[in-house]
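A short write-up of the structure that comes next.
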Amino acid sequence: MKKLLGIRGAVCCENSEVSIRKAVEELCEKIKAANDISTEDIVSVQFTVTDDITAFNPATALRNSNILGDVALFCSREPNFTGSLPFVIRVLITAY
């Protein structure tokens, strides 16, 4: 029986399209490899970004990379808390 998992990760980057693309691709590749999940096992991917990430959408970066195939993607903005780490992209991958 397969078990549904939520796999989290985060990465810091610069606020540029190139940096966001590179960070998202590397993060998702590492998560996929470290957790030994195949593209077929992935149900959805949700990103959050801090307020200072405005240059490019991480979900679009992942979609364009074709690293995880044609899965449901979503991106939202994190709440802004005093003392939070800047320029952070977080991801939650739901997979079997």
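The values are calculated or read from the model by the stated rules, or taken from the named source; none is laboratory data. Here the structure is a predicted model, which is why all the values come from computation and not from measurement. Note that we place each Cβ from the backbone using ideal geometry, even for glycine, and neighbour counts take in every protein chain shown. The area values use the complete protein model at the heavy-atom level, side chains included, leaving out ligands, DNA and RNA. Shrake-Rupley method; radii C 1.70, N 1.55, O 1.52, S 1.80 Å.
Annotation: per residue accessible area for the chain equals 60 Å², rounded to a whole number [probe 1.4 Å, protein chains only].
Computed over the Cα atoms, what is the radius of gyration of the chain divided by 2.2 N^0.38 Å, N being its residue count? Its radius of gyration relative to the 2.2 N^0.38 Å reference: 1.05.
When a 1.4 Å probe is rolled over the protein heavy atoms, the share of accessible surface on the chain that falls to carbon and sulfur comes to 52 percent. Averaging the sequence gap over all C-alpha pairs within less than 8 Å and six or more residues apart, then dividing by the number of residues, gives segment 15-96 a relative contact order of 43 percent. In order along segment 40-49, the phi-based Karplus estimate (6.51 cos²θ - 1.76 cosθ + 1.60, θ = phi - 60°) of 3J(HN,Hα) comes to 5, 7, 7, 8, 7, 9, 10, 10, 10, 10 Hz; Gly and Pro are listed as x.
Sticking with the crude label model, points 7 Å out along Cα→Cβ, report the distance from Leu85 to Thr60 in nm, one decimal please. So the two model labels end up 2.5 nm from each other. Working note: 222 nm ellipticity from helices only, DSSP H runs with n ≥ 4, each -39,500 (n - 2.57), summed and divided by the residues of the chain, gives -8500 deg cm²/dmol to the nearest 500.
For the chain, the longest principal axis of the C-alpha atoms and the axis of helix 17-34 are separated by about 30°. Packing order of peptides 7-13, 72-78, highest average first: 7-13, 72-78 (average count of other Cβ atoms within 10 Å over each peptide's residues).
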